[in-house]
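Read the structure below first, then the notes.
The values are calculated or read from the model by the stated rules, or taken from the named source; none is laboratory data. It should be emphasised that the depicted structure is a prediction, and the values quoted were computed from it without experimental measurement. Quick reminder, even Gly has a Cβ in these numbers, built from the backbone with ideal geometry, and neighbours come from all protein chains shown.
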Amino acid sequence: MANPFVYGSSVTGDDFVDRDEELANIERELRSGISVILYSHRRMGKTSLMCELARRKPKGLVFAFIDLYGVTSTERLLEQIVSKSAVACLGGVERFAMSAWSLFRSTRLRLAVTPEGELAVDFVRGGPTVAETADALDMPERLASSKGKRLVVVFDEFQEVSVLGGVSLLKTMRSRFQHHRNVSYVFSGSKVHLLRQIFEEHEGAFYKSGVSVDLGPIGVEPFSEFIVRKFRLEGGKISKDLARALVQRTGGHPYYTQQLAHELWSISNAPSGTLELDEAMERAMEHQALAYLYVWESMKSPVQKRLLLALASEPEPTMGVDFILRHRLLSRSHVQRAEGHLVERGLIERGHVVDPMFAAWLRRMSGLTLPSTRKNG
Ligand SMILES: Nc1ncnc2c1ncn2[C@@H]1O[C@H](COP(=O)(O)OP(=O)(O)OP(=O)(O)O)[C@@H](O)[C@H]1O
Ligand SMILES: [Mg+2]
């Protein structure tokens, strides 16, 4: 019997839970030409959400996915924008050659085909010229309008653009994209504070250029129903209560819920109670332990460490005077400084440790227990 719980790669179809509201909202905005900024912390399901939307093939929309983590230079970014948009609008390179040559002839882009049969762009030596950059950035619009389709270009881990080309590349992108009438963009990323700088701060390069969708955890009910169904489909059995308890442990965090369910299934396909769940939790945490230890050891400031432990140890922390005294955090300004660093590293957000498994690891490492479990949606 195969383990029915998948974690690590993006999930769609039968492995995808809920998010109906988010899918409908995003589709509506994209259809009306509005760009979407998709925020979430690591592994909350951004890539899965966009892949699932594309899999459902919403009528009249075609999708081009560009994962910035795999892109190492501005040239490659521009090339991906051109080639992925071409494939989305026209199909593979063979079909492309017939229909698109004239489209490109009027630009300053020189196209080539790689030995793997993919479309490539040869930019002038020493980096793309201003004209080449503009033409490449406008290619999605040309392709979409020539085909009468609405093209959705999804940039995954969009904040990495600023690593490639700084603010000036971001500004150039915005200056071209804002004239596109047949393309909608999705800017998705997990470094939330960097995305906020780009999209929400006045001087940010993409200030107010789309609607934001903040992806949170998945609700206890849909996730526990999914777990019960998956156990049953693979010939196992789990009670609704135990499935609920599992989702409560992870706070509905998609990755950790699938991981914990995966571990529980591998312990027993008919678990009877919390003993097995505790064991599964141990195993799941064990997988992350090295990464957590690395994060912990890389923190040089004792106040940052104490603040992190303090936030992990309290269900609803309020960072007032009591809190500062109780956790030996020296002073309000020390706390503010430490908080700033931890937010920047993506470890905390709005006074909570972002990663629930990391919070559990911190509590275990320091022998702390949580007075009562935080409620989750
Ligand atoms: N809607 C969902 N239903 C069920 N499981 C999900 C869902 N979304 C995400 N997951 C689980 O979470 C894992 C991570 O999802 P995904 O890679 O889409 O997240 P992400 O936000 O893109 O992560 P990253 O920050 O690493 O890019 C998946 O492998 C899957 O186990
Ligand atoms: Mg992702």
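For the structure I just gave you, tell me whether L151 is part of a strand (DSSP E or B), outside the structural domain of G340 (by TED's automatic domain parsing) and touching a Leu at 6+ places or on another chain (Cβ under 8 Å). Give the derivation first.
Values: part of a strand (DSSP E or B): yes; outside the structural domain of G340 (by TED's automatic domain parsing): yes; touching a Leu at 6+ places or on another chain (Cβ under 8 Å): yes.
Yes: the conditions hold for L151.
Of the residues S146, S188, S184, S168, the single one that is touching a Phe, Trp or Tyr at 6+ places or on another chain (Cβ under 7 Å) and hydroxyl-bearing (S, T, Y) is S188.
Here is a yes/no grid of residues against (1) charged (D, E, K, R); (2) touching a residue at least 12 places away in the same chain (Cβ under 8 Å):
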| residue | (1), (2) |
| --- | --- |
| V124 | no, no |
| E132 | yes, yes |
| F177 | no, yes |
| K191 | yes, yes |
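Regarding V167, is this residue farther than 18 Å from T72 by Cβ, modelled with pLDDT under 95, under 22 Å from the mean Cα position of the chain (by Cα) and away from ligand 1 (no atom under 16 Å from the Cβ)? Yes; evaluated as a whole, the condition is true for this residue. The conditions of being within 21 Å of Y7 (Cβ to Cβ), touching a residue at least 40 places away in the same chain (Cβ under 8 Å) and within 30 Å of the chain's Cα centre (by Cα) are not met by H287. Looking across segment 1-47, the residues that are within 13 Å of ligand 2 (Cβ to nearest atom) and of a type in the set (D, E, K, R) come down to R42, R43, K46. Could you say whether any residue in segment 322-330 is surrounded by 11 or more Cβ atoms within 10 Å (Cβ to Cβ) and either closer than 30 Å to G8 by Cα or of a type in the set (G, A, S) (or both)? No: segment 322-330 contains no residue that is surrounded by 11 or more Cβ atoms within 10 Å (Cβ to Cβ) and either closer than 30 Å to G8 by Cα or of a type in the set (G, A, S) (or both).
From the list R181, R142, R174, the one residue that fits, being out of contact with any strand residue (DSSP E or B) (no Cβ under 7 Å at 6 or more places or on another chain) and either within 16 Å of ligand 1 (Cβ to nearest atom) or outside any helix (DSSP H, G or I) (or both), is R181.
Highlighted here are the helices (runs of 4 or more DSSP H) found entirely within segment 191-309 that include at least 2 residues which are among the β-branched types (V, I, T) and either touching a Gly at 6+ places or on another chain (Cβ under 8 Å) or on the phi > 0 side of the Ramachandran plot (or both): 192-199. Per the conditions (1) within 16 Å of ligand 1 (Cβ to nearest atom); (2) at pLDDT below 95, the sole criterion not satisfied by W101 is (1). Return the total of residues in segment 30-83 being more than 30 Å from G219 (Cβ to Cβ) and among the basic types (K, R). Residues flagged as more than 30 Å from G219 (Cβ to Cβ) and among the basic types (K, R) within segment 30-83 amount to 1.
A280 - would you say it is modelled with pLDDT of 95 or more, surrounded by 19 or more Cβ atoms within 10 Å (Cβ to Cβ), of a type in the set (A, V, I, L, M, F, W, C) and under 21 Å from A245 (Cα atoms)? Give the derivation first.
Details: modelled with pLDDT of 95 or more: yes; surrounded by 19 or more Cβ atoms within 10 Å (Cβ to Cβ): yes; of a type in the set (A, V, I, L, M, F, W, C): yes; under 21 Å from A245 (Cα atoms): yes.
Yes.
Applying a threshold of 6 Å to beta carbon distances and a minimum spacing of six or more residues, or different chains, the list of pairs starting in segment 156-169 at a residue that is farther than 11 Å from A205 by Cα and ending at one that is of a type in the set (G, A, S) reads D156/S188; E157/G189; F158/G189; Q159/G189.
Scan segment 74-88 and give yes if some residue there is without any contact (Cβ under 8 Å) to a residue 40 or more places away in the chain, more than 15 Å from ligand 1 (Cβ to nearest atom) and in contact with a Pro (Cβ under 7 Å, 6 or more places away or on another chain), otherwise no. So far as segment 74-88 goes, no, none of its residues is without any contact (Cβ under 8 Å) to a residue 40 or more places away in the chain, more than 15 Å from ligand 1 (Cβ to nearest atom) and in contact with a Pro (Cβ under 7 Å, 6 or more places away or on another chain).
Among the residues in segment 61-70, are any within 16 Å of ligand 2 (Cβ to nearest atom), assigned to a loop (DSSP other than H, G, I, E, B) and modelled with pLDDT under 95? No, segment 61-70 contains no residue that is within 16 Å of ligand 2 (Cβ to nearest atom), assigned to a loop (DSSP other than H, G, I, E, B) and modelled with pLDDT under 95.
When the residues of segment 15-61 are filtered to those that are of a type in the set (A, V, I, L, M, F, W, C) and in contact with a Lys or Arg (Cβ under 8 Å, 6 or more places away or on another chain), which remaining residue is nearest to ligand 1 (Cβ to nearest atom)? Top of the filtered list is L49.
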